[in-house]
1. Return the ratio Rg/(2.2 N^0.38 Å) for region 260-388, where Rg is computed over Cα atoms only.
2. Summarise the accessible area of region 260-388 (1.4 Å probe, protein heavy atoms) by the percent that is carbon and sulfur.
3. Over region 1-73, what is the relative contact order in whole percent, taking alpha-carbon pairs under 8 Å and six or more residues apart?
4. Thinking of the chain as a set of Cα atoms, what percent of all their pairs are more than 28 Å apart?
5. What's the local net charge at TYR113, with K and R +1, D and E -1, over the other residues with C-beta under 15 Å away?
6. What is region 197-348's relative contact order, in percent, from Cα pairs under 8 angstrom and six or more apart in sequence?
7. So for the chain, averaging the separation of alpha carbon pairs under 8 Å that are six or more residues apart and normalising by length, what relative contact order in percent results?
8. What lysines sit close enough to LYS195 to cross-link, taking a C-alpha to C-alpha distance under 17 Å and skipping anything fewer than 8 places away on the same chain?
Amino acid sequence: MTTDNSAGTGTLLVSAGRVHGVNGASVNPPVHRASTFVFDTLDAFETASNMPFDGPFYGRVGTPTTFAFELAFAALEGGHRSIATSSGVAAISAVMLAFLDKGDHVLVVDTVYDPVRRFCNRMLTRLGIETTFYHPDMGADIETLIRPETKLIYMESPGSGTFDVQDVKAIIAVAKARGIRTAIDATWATPLLMKPLELGIDVSIHAATKYIVGHSDAMLGVVTTNAETYDAVRRSTQDLGACAGSEECNLGLRGLRTLEVRLRHHEASALKLALWLEDQPQVARVLHPGLESFPNHALWKRDFTGSCGLFSVELVESDPASVRGLVDGLHHFKIGFSWGGYESLILPMHPEKSRQVAKWTGKGALLRLHVGLETLSDLQADLAEGLDRLRPL
Ligand SMILES: Cc1ncc(COP(=O)(O)O)c(C=O)c1O
């Protein structure tokens, strides 16, 4: 399998990780389900064991299918190498444990995906690693939070639930000057809408469970590193046994083929709905980085080339029972935890419960929407009927 790194994005998405130059090859590479690869001689076995991440050796280390996905992803991200993991959270915890040791300190953005906050508060605390949650508006002033034992700055941009966009470049500059590693959860953007490694980040992380798989039928994570950080992250994912299954990597590869067209559709529908929602009297504000009204819209324009289908809406203060009625009565927006599939979803968010420094001051209910690939007029009518069910306090 080869990958032409100079190809355009669409070409790369269609061709990366496939079998080329073999007559009669199936379009999609076969799925290699394997724990064990066998060798006829000890010489051959030992040769394979010297390069376990470059060819079949043992299933947990990789199969031809996981390698194909990793190769394709690294090409898309413009990174040194990618490593597939069993979920997005597995990828994130492996990255943290790759760079943090007893006595170390990590800076984590306060708008982080909640299970990551739990990982820091529970697991890292048990291991004697201290976390400081910093405000997503911090840029160069993050310097004030750095200690001699700070080893990692962790970003998520846009952040979970409220989509705060970070000044990634300013943070990277501070980290580089201090020899501190940087990592970002770039799930919202996918590798198509932002290029963390080109911006200078050491490690980019994606919950491939979302748009990469794109069909809500698999859990998958992926980490892309630069040359300096690859060994540490690979060791960590191996030590944790956090490998991805071949079936899941195959679904990740399948998702890549249509990622660009799906994302364009999600983006267009979500932007239209977001603009329409801004004009509705029952809506206090719309939190979508692509809207001019969004705080840090300029930063988003600087670092991103587009948006996806995920954003939030703050309603005006309303009778809580009627908010439940709004959500329960929707036909196309189902209530669901994940996002990034072809279907529309809705979920109440509660940033007030977890944020430490980026306190949520909104008064009305906050609803996260994932705008799927359904016909836009159906989605708009569904939401319009839902908003009509709201009652004032
Ligand atoms: C921004 C973000 N990062 C990471 C994750 C975790 O991914 P996974 O569910 O694959 O562990 C999620 C899941 O919702 C997410 O929204």
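1. Dividing the Cα radius of gyration by 2.2 N^0.38 Å gives 1.02.
2. Here carbon and sulfur together make up 55 percent of the probe-accessible area.
3. 31
4. On the way: 36649 of 77028 pairs.
So the portion of pairs separated by more than 28 Å is 48 percent.
5. Result for the neighbourhood of TYR113: +2.
6. The normalised contact order for region 197-348 reaches 24 percent.
7. After rounding, I find 16 percent.
8. Qualifying lysines at Cα under 17 Å: LYS169, LYS301.
The values are calculated or read from the model by the stated rules, or taken from the named source; none is laboratory data. None of these values were measured; they are calculated from a predicted model. As a convention, Cβ positions derive from the backbone with ideal geometry for all residues, glycine included, and neighbour counts pool all protein chains shown. Heads up: the accessible areas ignore ligands, DNA and RNA and are worked out on the full protein's heavy atoms, side chains in. Shrake-Rupley method; radii C 1.70, N 1.55, O 1.52, S 1.80 Å.
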